[in-house]
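Everything on this sheet refers to the single structure shown next.
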Amino acid sequence: GAGVSQSPRYKVAKRGQDVALRCDPISGHVSLFWYQQALGQGPEFLTYFQNEAQLDKSGLPSDRFFAERPEGSVSTLKIQRTQQEDSAVYLCASSPFSGSFNEQFFGPGTRLTVL
Amino acid sequence: DAKTTQPNSMESNEEEPVHLPCNHSTISGTDYIHWYRQLPSQGPEYVIHGLTSNVNNRMASLAIAEDRKSSTLILHRATLRDAAVYYCILNQAGTALIFGKGTTLSVSS
């Protein structure tokens, strides 16, 4: 079956531009996570959704970062007024349940380069 | 958050077993031990997880010390496709994964 997909796979933005990154989780998965991965580092947690509810956004680095999942399926991570330090791979992961252990399924990521 | 310690890198030859160590001396009773790996230019993928007992699946085995302060991921026969960054993660149910830098495994033919 289809896995987690993300689009675009690559995005180049000029500093100050707004960008929107899309995540299509596996159908029916309740939980959705966003991570940011800088070059040579492990992924870092940004935010977590359970269905349409954003339960944890403690990892968002600034108020320029905003995420939504309005219908409990597709999610969008928006970055306003991009800066060079926002350059990273943005990973989305979904898992089937909440409140109990479950494997997280990752997408291929979106590589954002801010010039 | 509980932390893990892994070697930065390890090397292996193809078709030989690989033992990837992980120390987690501050593990709590509700922490699961997870292993994920990340192949070049891909998102991480789940490998295995355990709580107290050793675990086996089609990809690997997980050996957990009796005091749970360390664990070892075992790849029984390394292949070139196993070259990746391996992350050992402590995680409680329903929470985000906290990745470290992991161990970069190189496999030679």
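The values are calculated or read from the model by the stated rules, or taken from the named source; none is laboratory data. All of these numbers come straight from a predicted model, not from anything done at the bench. Note that we place each Cβ from the backbone using ideal geometry, even for glycine, and neighbour counts take in every protein chain shown. Accessible surface areas use protein heavy atoms only, side chains included; no ligands, DNA or RNA. Shrake-Rupley method; radii C 1.70, N 1.55, O 1.52, S 1.80 Å.
Per-residue Cβ counts within 10 Å, from other chains only, averaged over A:102-114: what number is that?
3
Could you tally up the Lys pairs in the protein assembly as shown with alpha carbons closer than 23 Å? Skip any pair fewer than 8 positions apart unless they're on separate chains.
The number of close lysine pairs in the protein assembly as shown is 8.
Might you tell me the accessible area per residue for chain B, computed with a 1.4 Å probe and given in Å²?
Values: 5520 Å² over 109 residues.
For chain B, the solvent-accessible area averages 51 Å² per residue.
Summarise the partner chain shielding of B:94-103 as one whole number: the mean count of Cβ atoms from other chains within 10 Å of each residue's Cβ.
6
Applying the Karplus parametrisation 6.51 cos²θ - 1.76 cosθ + 1.60 with θ = phi - 60° to the phi angles of the range A:66-76, what ³J(HN,Hα) value in whole Hz is obtained for each residue in order, glycine and proline being reported as x?
Whole-Hz 3J(HN,Hα) from phi for the range A:66-76: 9, 10, 8, 8, x, 10, x, 10, 4, 10, 10.
Eigenvalues of the Cα gyration tensor times 5, then square-rooted: what semi-axes does that give for chain A, in whole angstrom, largest first?
The three semi-axes for chain A are 23, 14, 13 Å.
Compute the distance in nm between two label points, each set 7 Å from the Cα along the Cα-to-Cβ direction, one at B:ALA65 and one at A:GLU71.
If labels sit at B:ALA65 and A:GLU71, their model points lie 5.0 nm apart.
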